[in-house]
Each structure stands twice: as C-alpha cells, then as structure tokens.
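J.: Just passing along the structure, written as structure tokens.
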Amino acid sequence: MVNQWLDIMSLVDQFNREIKYLRLSVTDRCDLRCFYCMPNGFDGYEEPTDGLSFDEIERVIASFTRLGVSSVRLTGGEPLVRKDLPLLAKRLAALPGLDDLSLSTNATRLAKHARALHDSGISRINVSLDTVDPVKFKKITQGKLDKVIEGLLEAKAIGLNPIKINMVIMKGVNDDDVEDMVQFCLENEFTLRFIETMPMGDTGRNVRDHYIDLHEIETRLKEKYELIPAVMAGAGPARYVQVAGTNLKIGFITPISQHFCDTCNRVRMSATGTLYMCLGDEHKYELRPLLRNGISDDDLDQIIRDAINLKPLKHEFNEKPEKVMRFMSMTGG
Ligand code: SAM
Ligand code: SF4
C-alpha cells in the first residue's frame, strides 16, 4: 500500500529514473545572440499569445509538484525578458512540494531585478558568462559585459547564493580565458562551471569545430592549481573539484565526453507548453492545447505521467549530431 502511494506521488520513467526536476522556459526571446545558441539576426520568435500565461504555467507546475517534482529552474531564452518574472516566481515558490526554485540568466537585466527575485523566493542563480574580456564578450554575444558584471555584483550584494557561472568552452574562442575566469570567480566567491558545446540546432553544430573535451581543461588546471574532489548541493550533472586552500568550486558538465544520462532526473518545458524529455531528442508532448481545452487536474497529471514514458535512455549527440533541429534557447536550456 505504501509503495503504491509512493508510485502515485512520483514520476518514474521506463528506465526507472525518478524525475524530480523541471527546467521551465518562460520565453524563447533573448536580448543577446550567443553565436553557439541563437542564429545571428534571429527574430522568428513564438507569437506571445502562444506562450503559456502565468495561470497556465502555475497549473502545470502544480501538477508536476503533485507528482513529486521538487526543483524548478526558470530559464529561456532570457527569462528576465519576460515581464513580471518575479511575480511568477512568487506564485511558483508558494506551491506545496516545490523546495527549490532557481534561475538561469545572462544577467544583462539582473541588477534591476535581483532584489525582487530574491524576495520572490529564488535563492540560487546560474549566470552564463564565457569570458571576462569585454571585446571577446561582444564577439560571442553581441552584448555588453559591463551590464552582466553589474548584475552579478548586485545579486551577490543582495545575498543570492550560490551564484554559479556557466562557461561554455570553445577551442580557439575562449579556451585561453579559463585562468582569467578562475581568478574572477575566486575574487568574487562565485562557483565556476565549464560546459561542453552540444550540437543543438545549426548554431550548436556550427561550433563543433571548437569542441573541447573538458578533461583537457582539467588536466591544464591541475598544472597550476591543486584540485581536490568536492561536492555541491543541487549539483545536477556537474562533477565538482575544489581549488585547495580556497573556497572555489569548479564543475565540469560533460554531456559529450562523459554523458550522465543514466542518472538524468529532469525534463524541460518550452515557453509554449511543449514538454521535452531530453535535450538531445525530438520526443515531445504538447500541453498547451489540453490546457486551453479545459483538461482536469487528474487528467493533466496522467498526461504528464504518460509523457515521461517518452524519455529516451540517452541522448545521441555523438552518434547522430544532426538529429536535434531546435537550438538551445527554443527548448529551455
Ligand atoms: N539565457 C539564459 C542563459 O544564457 O543563462 C538561459 C538560457 S541558455 C539557453 C542556458 C544555457 O545553455 C547557457 O548556459 C548557455 O551557455 C547554454 N547553451 C546554449 N547553447 C548551447 C550549446 N549549443 N551547447 C552548450 N551549451 C549551450
Ligand atoms: Fe540568450 Fe542564453 Fe542563448 Fe545566450 S545562451 S543567446 S543569453 S538564451
């Protein structure tokens, strides 16, 4: 009986992985154009009326929490482009069973919103930052570095903690910035995470020539620093080390060189209510038509259970790099 109850309360896929984590895209729009993520000049965004409203999002997240999901990360596109995001965060943070609400952002608008985000129940943030060289930052993103730094410092001053910096490493683009990034994170008490490029959409595939196996970066860092194994709460797929004698933790996210699909506990929902079971797969389930046709809570729970069974065993980024047509910001990376 107890086990039966647990089954009803949890989302387990056909490979016995329990889904505890949802990445929720609140918009596919972005104010930057990181060249590995969004096509240059792209403006083929979804129609605003096709995006889920706050009420619709809250319904879906309530369903996920009934099914045992306890962590939600707001992402995009750039989530802070979505009007009134702190209001949505506050509504989600109040849902029973949601223990952990976090945000991934490019930080261009963070200085303005950090206080409201903190007050709404977001405690931890991840910030994308691939270099602290303003000229290179402009080349990679078409944006201005000083806005991002301003956002990061404001978030830190307000007490958002931990602040994790996500750096996509690309050979010949920013691999020589690794040591500067380590220094920047040491000075500011940020956590640093390196990410391997993924062949998502043409933009992701175009940077395949810049791909680096992060084990190379780790070997290089070991020549300069003593790295000891470390753990980090809410680590997800990252493997962490710590620079001995400091508080700096460094994470390695290696979807290509050492995939972590067997322990994957997450799914994603796009801003228009499409559930994606895997970053590296086109399996999806459209929730928006059901929400707009008056589906009951019980049926919504059942649909989500059924959708989870579409989750594949693993991605095929290495075997079939041409497979995923959508680029990262369309999914909710
Ligand atoms: N705009 C927010 C940001 O940049 O943090 C949230 C959305 S962004 C799509 C989420 C993450 O996806 C970022 O850390 C970004 O660097 C990463 N990303 C985008 N395209 C990628 C690719 N082709 N390979 C690896 N990471 C990618
Ligand atoms: Fe925008 Fe984030 Fe994609 Fe950069 S990585 S273009 S900031 S969505």
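J.: Round to the nearest 10 and give me the degree value, 0 to 90, for the angle of helix 54-66's Cα axis relative to the longest principal axis of the chain.
T.: Relative to the chain, helix 54-66 is tipped by roughly 80 degrees.
J.: Would you work out which of LEU85, THR219, VAL178 lies farthest towards the positive end of the dipole of the chain, given +1 charges on the beta-carbon of Lys and Arg and -1 on that of Asp and Glu, about the Cα centre?
T.: LEU85
J.: If one takes the longest principal axis of the Cα atoms in the chain, at what angle in degrees, from 0 to 90 and to the nearest 10, does the Cα axis of helix 297-308 lie?
T.: Around 50 degrees separate the two axes.
J.: How do the peptides 29-39, 291-301, 240-250 rank, highest first, by the average count of neighbouring beta carbon atoms within 10 Å per residue?
T.: Going by the mean number of other Cβ atoms within 10 Å, highest first, we get 29-39, 240-250, 291-301.
J.: Answer with one residue from ASN265, THR105, VAL60: the one whose Cα lies farthest towards the positive end of the charge dipole of the chain, charges on Cβ with Lys, Arg +1 and Asp, Glu -1.
T.: The residue sitting farthest along the positive end of the dipole is THR105.
J.: Let me ask something else about it. Using the Karplus equation 6.51 cos²θ - 1.76 cosθ + 1.60 (θ = phi - 60°), what ³J(HN,Hα) coupling, rounded to whole Hz, does each residue of region 193-203 give in order, writing x for Gly and Pro?
T.: After applying 6.51 cos²θ - 1.76 cosθ + 1.60, I find 10, 9, 10, 7, 5, 10, x, 9, x, 5, 4 Hz.
J.: I've got another one for you. Could you give the size of the charge dipole of the chain about its Cα centre, using +1 on the Cβ of each K and R and -1 on the Cβ of each D and E, expressed in debye and rounded to the nearest 20?
T.: Dipole magnitude for the chain comes out near 360 debye.
J.: Hey, got the dipole for region 159-242? About the Cα centre, +1 on K and R Cβ, -1 on D and E Cβ, debye to the nearest 20?
T.: 340
J.: Enter the per residue convex hull volume of region 1-94, computed from alpha-carbon coordinates, in Å³ rounded to the nearest integer.
T.: 130
J.: In whole angstrom, how far apart do the alpha carbon centroids of region 85-118 and region 211-270 sit?
T.: Taking the Cα centre of each part, region 85-118 and region 211-270 sit 25 Å apart.
J.: Cα axis of helix 214-224 to longest principal axis of the chain: angle in degrees, 0 to 90, nearest 10?
T.: 40
J.: No partner Cβ under 4.7 angstrom, meaning no disulfide-compatible partner by this rule: which Cys of the chain qualify?
T.: Here CYS30, CYS185, CYS261, CYS264, CYS278 come out as lacking a disulfide-compatible partner, given the Cβ-Cβ threshold of under 4.7 Å.
J.: Continuing with this model, one more query. If packing is taken as the mean number of other Cβ atoms within 10 Å per residue, what is the order of 136-149, 44-57, highest first?
T.: Order by mean packing, descending: 136-149, 44-57.
J.: Highest mean first, how do 251-258, 102-109 rank when packing is the count of other Cβ atoms within 10 Å averaged over residues?
T.: 102-109, 251-258
J.: Now for a separate question. Give the lysines whose C-alpha is closer than 19 Å to that of LYS136, dropping any in the same chain fewer than 8 places away, or say none.
T.: Within the straight-line cut-off, LYS136 pairs with LYS144, LYS147, LYS171.
J.: Considering only DSSP beta bridges with both partners in region 1-112, what is the antiparallel share in %, to the nearest 5?
T.: Rounded to the nearest five, the antiparallel share is 10 percent.
J.: Here's another thing I want to ask about it. Can you compute 3J(HN,Hα) from phi for each residue in region 259-264, using the Karplus curve 6.51 cos²θ - 1.76 cosθ + 1.60 with θ = phi - 60°, rounded to whole Hz and x for Gly and Pro?
T.: 6, 10, 5, 5, 10, 5
J.: Mind checking which of ARG91, ARG205, ARG266 has the largest fluctuation in a GNM of the chain, springs on alpha carbons under 10 Å?
T.: Highest fluctuation among the options: ARG91.
J.: Based on the Kirkwood radius over alpha-carbon pairs, what is the Stokes-Einstein translational diffusion coefficient of the chain at 37 °C with 0.692 mPa s viscosity, in µm²/s?
T.: The estimated diffusion coefficient comes to 161 µm²/s.
J.: Distance between Cα centroids, region 165-192 to region 136-156: provide it in whole Å.
T.: Cα centroid of region 165-192 versus Cα centroid of region 136-156: 13 Å apart.
J.: Taking the Cα atoms of region 57-207 alone, what are Rg (to one decimal) and Dmax (as a whole number) in Å?
T.: Considering region 57-207 through its Cα atoms, Rg and Dmax are 16.2, 47 Å.
Bear in mind these aren't lab numbers, they're just calculated from the coordinates by the rules spelled out. Everything numeric in this text was worked out from a predicted model, so none of it was measured. FYI the Cβ positions are ideal-geometry reconstructions off the backbone, even for glycines, and counts take in every protein chain you see.
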